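Trainee: One structure, as structure tokens, below. Some questions next.
The values are calculated or read from the model by the stated rules, or taken from the named source; none is laboratory data. Owing to the predicted nature of the structure, the values given are computational and were not obtained by experimental measurement. Cβ coordinates were reconstructed from backbone atoms using ideal geometry, including for glycine residues, and neighbour counts include every protein chain displayed.
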């Protein structure tokens, strides 16, 4: 059976990473990419952490700066995932998606699950989220938003256990309350994977 890779990106996604690991489904590989800001008290520089591997991030904390650091450390990060989970208001997630679209040998784009943004910072990020969504829509990325992630995420993880492959995700999308389809069904390649 083909193993599928699920990548959680950012602090908000990290909260649900353990739910994925605890789902005890062996057909999925779970990965986590997070950013840790510099610590001025201990003189520790900013870094990114992919699973258990950490590497320095020296550029500015902006989409452009994080994107440059992702490119510099590309050999440490698995961009080839089948499902991508993250909060679209987080800069690391936006930078990751930016790089994902620039990779020329990507066979298909992953299914993307947006975690519903929390807090006031989501209001400040509307412009960036719009640009991200337009880019994803143009590239026909199958995308959903998870409203009320606390309750919905466990339902998604247990529903994944019923699937032979993540390419069958469309079969469960209507069965899960608070999982809303955004766009991407017109991409025929998703159904031929």
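Trainee: Regarding residue 92, is this residue without any contact (Cβ under 8 Å) to a residue 24 or more places away in the chain, within 17 Å of residue 32 (Cβ to Cβ) and surrounded by 16 or more Cβ atoms within 10 Å (Cβ to Cβ)?
Mentor: No, not satisfied.
Trainee: Is it true that some residue in the stretch 119-138 is over 19 Å from residue 21 (Cα atoms), at pLDDT 90 or above and in contact with a helix residue (DSSP H, G or I) (Cβ under 6 Å, 6 or more places away or on another chain)?
Mentor: For the stretch 119-138, residues over 19 Å from residue 21 (Cα atoms), at pLDDT 90 or above and in contact with a helix residue (DSSP H, G or I) (Cβ under 6 Å, 6 or more places away or on another chain): absent.
Trainee: Return the residues of the stretch 142-181 that are at pLDDT 85 or above and on the phi > 0 side of the Ramachandran plot; say none if nothing qualifies.
Mentor: 178
Trainee: Something else now. For the stretch 143-185, what are the residues that are loosely packed, with under 13 Cβ neighbours inside 10 Å and closer than 15 Å to residue 87 by Cα?
Mentor: Hits for the stretch 143-185 are 148, 150.
Trainee: Another question, if that's okay. Is the stretch 126-136 home to any residue that is part of a helix (DSSP H, G or I) and more than 24 Å from residue 179 (Cα to Cα)? Show your work before the answer.
Mentor: From the stretch 126-136, those part of a helix (DSSP H, G or I) are 126-136; that's our starting set.
Next, from what is left, pick out any that are more than 24 Å from residue 179 (Cα to Cα): none.
No.
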